[in-house]
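Structure first, commentary second.
The values are calculated or read from the model by the stated rules, or taken from the named source; none is laboratory data. Owing to the predicted nature of the structure, the values given are computational and were not obtained by experimental measurement. Here Cβ is always computed from backbone atoms with ideal geometry, including for glycine, and neighbour counts include all displayed protein chains.
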Amino acid sequence: MNRFVVIAISMLLSGGAVWAQANEHRTILLWPDGAPGAKGNADVDKPSLTIYPASDANKVETGVVVCPGGGYVHLAMDHEGRQIAEWLNKLGISAFVLKYRLGPKYHYPVELWDAQRAIRYARAHAQEYGIRADRIGIWGFSAGGHLASTAGTHFDRGDPDGSDAIDKQSSRPDFMILAYPVITMLDPYVHHGSLHALLGEKPDPELVRSLSNETQVTPETPPTFLFATANDNVVPVENSVQFDEALNRAGVPAEIHIYLKGPHGVGLAQNDPVLRTWPDRLADWLKLQGLR
């Protein structure tokens, strides 16, 4: 029996892990015995993390949970998931790509539970992945940016008396990266598709306001990097601007980069001679924050 088969069987026996690509990256179920609020037993009912550990050659003690976008109805797992994890690995940062549950089958707070569990998982297993429990961030794109910013404004310190070692961990990310994010659920800048997928067609106004994350920033909100384009015709740039203003008012360290032109959903924009520079700005910010 070869080494890969032995390792794969071992991981399956120790908590529901399955291998995604050869022996490089594995995908683990966030709740191996079934996720809370699950409405079935299909793949869409099983939130998971695909783990991209950084190599020993350039590894730093930082980890990032990655939330692909897709309007809360699908997930852009390639250019806002896998490519992001590989870019982080080049910086020596370990990545955890989140497959969270989606509308219209699932509504809030299920998506937030999945993101919080991902953060808690990374924190509980920090030593295993060679990262520090106080250097775990979250990176979200578009609707995934809303989920990330929700995790950064609606967190708890964990359940110290819980029987689950993961549940004992804080769900607060140590930093946030938000790329062309949905932030507000309020007119005139709301992305209605994300609103309805997350909260249904006639959500409670108080819930809408509480998930308009520009209204939820406090001094405890994590340091944040924002990237957007001024002519985004899907998610108005005001989402990013309002969140940046709220961070500044609360005294939270924040950096925002707004490019003049660029479509929504560009990911790392590797084929655009101008937009492709935005990840460089992020790499600089991570270095200034002592995260790489």
Checklist line | Selection within the range 188-247 - aliphatic (A, V, I, L, M), closer than 23 Å to Arg172 by Cα and touching a Gly at 6+ places or on another chain (Cβ under 8 Å) | finding: Leu198
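So, Ser163, is that one more than 18 Å from Leu291 (Cβ to Cβ), touching a strand residue (DSSP E or B) at 6+ places or on another chain (Cβ under 8 Å) and polar (S, T, N, Q) or not? Walk me through how you get there before you give the answer.
Working: more than 18 Å from Leu291 (Cβ to Cβ): yes; touching a strand residue (DSSP E or B) at 6+ places or on another chain (Cβ under 8 Å): no; polar (S, T, N, Q): yes.
Considered against the rule, which asks whether it is more than 18 Å from Leu291 (Cβ to Cβ), touching a strand residue (DSSP E or B) at 6+ places or on another chain (Cβ under 8 Å) and polar (S, T, N, Q), Ser163 comes out as no.
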Next item on the list: Looking only at the range 246-256, decide whether some residue is in a loop (DSSP other than H, G, I, E, B), at pLDDT 95 or above, among the small types (Gly, Ala, Ser) and within 20 Å of His146 (Cβ to Cβ).
Entry: no
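Is the range 133-155 home to any residue that is of a type in the set (Asp, Glu) and under 27 Å from Arg209 (Cα atoms)?
no
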Check: Within the range 29-36, can one find any residue that is among the acidic types (Asp, Glu) and touching a helix residue (DSSP H, G or I) at 6+ places or on another chain (Cβ under 7 Å)?
Finding: no
Item checked: Hey, Asp43 at pLDDT 95 or above, charged (D, E, K, R) and surrounded by fewer than 20 Cβ atoms within 10 Å (Cβ to Cβ) or not -> yes
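Within the range 243-252, identify whether any single residue is surrounded by fewer than 16 Cβ atoms within 10 Å (Cβ to Cβ), free of Cβ contacts under 8 Å to residues at least 60 places away in the same chain, on the phi < 0 side of the Ramachandran plot and among the small types (Gly, Ala, Ser), and answer yes or no.
Here is the first cut: in the range 243-252, the residues surrounded by fewer than 16 Cβ atoms within 10 Å (Cβ to Cβ) are 245, 248-251.
Retained after the next criterion (residues that are free of Cβ contacts under 8 Å to residues at least 60 places away in the same chain): 245, 248-251.
Filter once more, so that each one left must be on the phi < 0 side of the Ramachandran plot: 245, 248-250.
Still in the running and among the small types (Gly, Ala, Ser): 250.
Yes: the range 243-252 contains one or more residues that are surrounded by fewer than 16 Cβ atoms within 10 Å (Cβ to Cβ), free of Cβ contacts under 8 Å to residues at least 60 places away in the same chain, on the phi < 0 side of the Ramachandran plot and among the small types (Gly, Ala, Ser).
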Next item on the list: Return yes or no: is Ala165 surrounded by fewer than 24 Cβ atoms within 10 Å (Cβ to Cβ) and either in a helix (DSSP H, G or I) or in contact (Cβ under 8 Å) with a residue 12 or more places away in the chain (or both)?
Entry: yes
Item checked: Criterion (assigned to a loop (DSSP other than H, G, I, E, B) and surrounded by 12 or more Cβ atoms within 10 Å (Cβ to Cβ)) met by exactly one of Gly267, Gly290 -> Gly267
Checklist line | Filter result for Leu91 (at pLDDT 95 or above, more than 12 Å from the chain's Cα centre (by Cα) and aliphatic (A, V, I, L, M)) | finding: yes
Note to self: Condition first: surrounded by fewer than 13 Cβ atoms within 10 Å (Cβ to Cβ) and touching an Asp or Glu at 6+ places or on another chain (Cβ under 9 Å). Can you find one or more residues in the range 215-238 that meet it?
What the structure shows: no
Next item on the list: Please find, within the range 188-227, the residue that is farthest from Pro263 (Cα to Cα) out of those that are outside any helix (DSSP H, G or I) and aliphatic (A, V, I, L, M).
Entry: Val217
Checklist line | Cβ-Cβ under 7 Å pairs, at least 6 apart or on other chains, the range 258-285 side touching a residue at least 60 places away in the same chain (Cβ under 8 Å), far side surrounded by fewer than 16 Cβ atoms within 10 Å (Cβ to Cβ) and among the aliphatic types (A, V, I, L, M) | finding: His264/Val234
Notebook entry, point to check: Quick one: in the range 109-147, which of the residues that are in a loop (DSSP other than H, G, I, E, B) and free of Cβ contacts under 8 Å to residues at least 24 places away in the same chain is surrounded by the fewest Cβ atoms within 10 Å (Cβ to Cβ)?
Noted result: Pro109
Notebook entry, point to check: For Ser194, which of the numbered conditions (1) surrounded by 16 or more Cβ atoms within 10 Å (Cβ to Cβ); (2) over 30 Å from Ala283 (Cα atoms) fails to hold?
Noted result: (2)
Check: List pairs: first in the range 206-222 and at pLDDT 95 or above, second among the polar types (S, T, N, Q) and assigned to a loop (DSSP other than H, G, I, E, B), Cβ under 6 Å, 6+ apart or cross-chain?
Finding: Ser212/Thr184; Glu214/Thr184
